[in-house]
Each structure stands twice: as structure tokens, then as C-alpha cells.
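Written out below as C-alpha cells is the structure these notes cover.
Every number in this text was worked out from the coordinates using simple rules, so none of it is lab data. What you see is a predicted model, and the numbers here were worked out from it, not measured in a lab. Heads up, the Cβs are rebuilt from the backbone with ideal geometry, glycines too, and the neighbour counts pull from every protein chain shown.
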Amino acid sequence: MKPKDSGRRRFLKNGAALAGLAIGAASATRADDTPAGNSAARATDTHSYGQRSRYETSARLGAMGLYDPAPAGYHRDFGYRNPIQDSVGYITPAPLHFVIAHGYEPPDIDPAEHHLLIHGLVDTPLIFSLDDLKRFPSVTRAHFLECNANGAPAGPTGQYRIAPTATAQDTHGFTSCSLWTGVPLSTILKHVGVKAEAKWIIGEGSEKGKHTKSIPIEKAMDDVLIAYGQNGEALRPQQGYPIRLLVPGWEGINNVKWLRKIKLVEEPYMGMWESTKYPSLRPDGLSRWFQFQMGPRTVITRPSGGQKLNGPGFYEISGLAWSGGGLVRSIEVSTDNGKTWREAEIQSPVYPKAHVRFGFGWDWNGEETILQSRCTDEVGERQPSVVELAKFWKVEPDFFIKTGTIPGHFNAIQPWKVNPDGSVQNAISF
Ligand SMILES: Nc1nc2c(c(=O)[nH]1)N[C@H]1C(S)=C(S)[C@@H](COP(=O)(O)O)O[C@H]1N2
Ligand SMILES: [Mo]
């Protein structure tokens, strides 16, 4: 027994010495490598609501409105763009979902105080609390949301979109995709009873500017949601907390955030945004109002503008495809500046009016080339090149640049040029 005891004592003594050594060594190294430093770092990371690793720095870029000063290292912008070049999969994390609010900070809304009024051409005008809305059967659906200005080589920020240095965030950062949870608007409209004369709904937001948008009743009764959930939790304030309209596949402007009123009417309202900044100017000087559906579109997110390839060899070309026309049916990639196109692999569930992730195996030989992608949707519409888009609008391709306007949406194919040194740059031309 004795030798054993002394052995144990010896062990404890040595152990204590080792522990002392370890502590001594630790204090000589950087604080954040030590167990103590580690727990200090954790103290700032709230476990109650998790944060991403401090090594992950991907962020939205932009400004609340064009009148705000440009953020350091960035141009003036109209809203915050999603860093789509860093995205994986098909869902956009809520904190990175693009934001457009026409210069208004999100109003600070207490959900217990918030109400939605439905009135106008209805049998029973009603006011709903958030709790009332949550009593109706809910649905959860993946849908993209895209501003009609996404990547337009026109308007106040058009110049940044055509610069060789443009990233996918500059060119395509005004689209995002979330899992939205809410009540179908049709359920609520049936509940209040729609009068036969009602042809449009007018949604109104709660911010100072009272964003209003006219939406045809057919769409309102089809797949529109009153959404209160985003990616498994409540909507973010930037996305319209506590409720917003979610109008699948249609221009972002329809998706009224901080929703507080819906009025059923006979005629559209011609609200400030829908009648001034969002119509498209045609070459004949007239403008197109109420363009609704977003066309088929893709963007290669990796490799994309501003990224760098690390020498020749195998790479997976990765990107996103979507269409307001419904399901994306096929996605093609060209690695030789559009001479040949081959089918890409679809890598995520294909939901209608949602982002779809695609992949394409590519062996880069180290030479300069141009990468492009395009898709075709279930109604048979194929994403056009700049030349095809110009032909469709009966203008010359340089019309967009010369006039600073687009007669419709800009969903042209995005070319990325890969240089022999592996650098990647925007190669759009008109
Ligand atoms: N209340 C309100 N809703 C709004 C807007 C707004 O300025 N106010 N902007 C619209 C526009 S133009 C777009 S593109 C989308 C953007 O939605 P997001 O900020 O959630 O990405 O919200 C729409 N809904
Ligand atoms: Mo928008």
C-alpha cells in the first residue's frame, strides 16, 4: 500500500507541477489562444442568440438612401446589397438579406401594438393584431425577392455596375432568398369578403414615407403572403418586422414592409414610388408602368468579380438561378465566351420563384477566358444576352448606357473574365 500511496502522491505532485507549467506557458502566449482567453472571447459571444465566427466578415454594403454619405471605401448607394459572391446554398441569411427602404430606417414597431387594417371594397372591414393573424393556418415557402433595379447598368449607381472592378454584390446584390412564413393573403381576403368591384389592393407601410403599392386582385388571391417569419424566426426589422407582404416572383417594390393597411379598390393608386422611380422609360419617351414579373436570371457567384483563382486546374463554378415565371427548368454554363454551352448540375431543391444553386465542374487551363451562365424557366423563357435583350426592347445595346434607362428589367447574362494571373473581373459590354 505504501509504495502505491507514495506513487500516487508523486503523480499528484508532478501533475501540479505540470499544471503550473501549463499556466506559466499560457500566460506567455497571446491571450486569445489560452483557455482563459478563449472564455473571455466567449463572454462577448452571447450563447442565448448565436453569432457567427469572428473570422467570417461577409457583409452588406450600401447606404440607406442616395442622400446619405457614401460609406468608407464604397460608392453612394440606394439600399444595402447582399454579398451574394460569398453565398453558399440557396438561402440568404436574414442579416445579409438586401435592404431597400427609400431612405427610411426601419420603424421601431412593438408587435403587441401593431395592427393590420383591411378595408375598402370588402364586406366586413377588420383590424387584425399579430396574434389574430397567427391563428390562421400558416405556410412556409422559399421565395426570392429582387428589386427591379438589380444590376441595371443605368440610374444613379449604374456606373458601378459596369466597372471592370464590379463584384457580384455590385451587379446582383439586390436579390436574396428566404424561407418566408405567414398567412396566405387569400385566406384573409376571403375572411373579410371581397366585393365584386374590387380590382386592386393597395398595401401601405408604417414608416414615415408610408410606402404604398397597388397590386392586382388576381395576384393578391393567388400566392401572396402576409409574412411574419423569415428563415425560422420573426422577420428582421430591415425586412418589415413584424409583418410584410410577400409577392412571389414580382418586383421587390410590391413586397410592402411594416404592413399596416390593405385597401381594396377599383383602380390602382399611382403611389409615389410606383409612378415616379419604378416605371421604365421607353425610347419613345413614354414609360412602362406596373411591370410585375421578374424574368429568368442567373449569376455565377464563384468565381466572380474581384475573386482570384489559385492557378490552373479543377474548380467548381457555382452560382444561383431564379425566375419570376416559376420553376427554373435548365441552367447552362459557358466557359469559352459563349461559343459552347453545357448543362449545369442543380444542387438545391427547385422551388418555384426561389433561388436555385447550380454547379459546373471546370478544368481551367490557365488561359484568359470568359465564364457565363443562363437559365430557362418553366414558361420557356430563356435569360437573354445584352444583345438579345436590346433586340427585345428594339434598341441598340448601348441605349442602356447612353440614356441611363432600361425600357424594362435588366436580366442579361453576366460575363466574368478570368485573366491568366487568376484574377476575375466584370466583362459586361454594350
Ligand atoms: N414599407 C416599405 N416597403 C417596401 C419598401 C419601402 O421603402 N418601404 N421598398 C420596397 C422595395 S423597392 C423593395 S426592392 C423591397 C426590398 O425588400 P427588402 O428590403 O426586405 O430586401 O421592399 C419593398 N417594400
Ligand atoms: Mo426595389
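For the listed peptides 181-188, 275-282, a ranking on the average number of other beta carbons within 10 Å per residue, highest first, reads 181-188, 275-282.
Take peptides 52-61, 380-389 and line them up by average Cβ neighbours within 10 Å, highest first, as a rough protection proxy.
Numbers: 52-61: 11.4, 380-389: 17.4.
With the highest mean Cβ count within 10 Å placed first, the list reads 380-389, 52-61.
Taking amide H positions as modeled 1.01 Å from N, with prolines and chain starts lacking one, the residues under 5 Å from Gln230 and 5 or more places away or on another chain are Thr181, Leu235. Evaluating 6.51 cos²θ - 1.76 cosθ + 1.60 at θ = phi - 60° for every residue in the stretch 139-151, the Karplus couplings come out as 10, 10, 9, 7, 9, 7, 10, 9, 6, 5, 8, 4, x Hz, glycine and proline recorded as x.
Express in whole angstrom the spacing between the alpha-carbon centres of the stretch 364-430 and the stretch 64-101. Value for the Cα centre distance between the two parts: 22 Å. For Thr369, the residues 5 or more places off, or on other chains, whose built amide H falls under 5 Å of its own are Val418.
Among the listed pairs Lys210/Lys277; Lys277/Lys394; Lys134/Lys208; Lys190/Lys263, those whose Cα-Cα separation exceeds 24 Å are Lys134/Lys208.
Computed from the C-beta positions of Arg282 and Thr46, the FRET efficiency with R₀ = 51 Å rounds to 0.45.
Give the cross-link partners of Lys195 among the aspartates and glutamates, using a straight C-alpha distance below 18 Å as the criterion and excluding same-chain residues fewer than 8 apart. Counting by Cα, and skipping residues close in sequence, Lys195 has these aspartates and glutamates nearby: Asp123, Glu218, Asp222, Glu266, Glu267. Against the main long axis of the alpha-carbon atoms of the chain, helix 35-44 sits at an angle near 20°. Candidate cross-link partners of Lys257 among the aspartates and glutamates, defined by an alpha-carbon separation under 13 Å and a same-chain spacing of 8 or more, comprise Glu105, Asp108, Glu204, Glu207.
Work out, step by step, the length gained on full extension between Phe430 and Ser129: first 0.36 nm times the residue separation, then minus their alpha carbon distance; give nm to one decimal. Could you put the intermediate results ahead of the total?
Working: separation 301, 0.36 × 301 = 108.36 nm, distance 5.09 nm.
Gain on stretching Phe430 to Ser129: 103.3 nm.
Among Leu133, Leu246, Leu320, whose mean-square fluctuation peaks in a Gaussian network model of the chain (Cα, cutoff 10 Å)? Comparing Leu133, Leu246, Leu320 in a Gaussian network model of the chain, the most mobile one is Leu133. Mind giving me the FRET efficiency for Phe292 and Asp421? R0 is 41 Å, r the Cβ-Cβ distance, nearest 0.05 is fine. Once the sixth-power term is evaluated, E becomes 0.40. Excluding same-chain neighbours fewer than eight residues apart, the lysines reachable from Lys308 by a Cα-Cα span under 29 Å are Lys339, Lys417.
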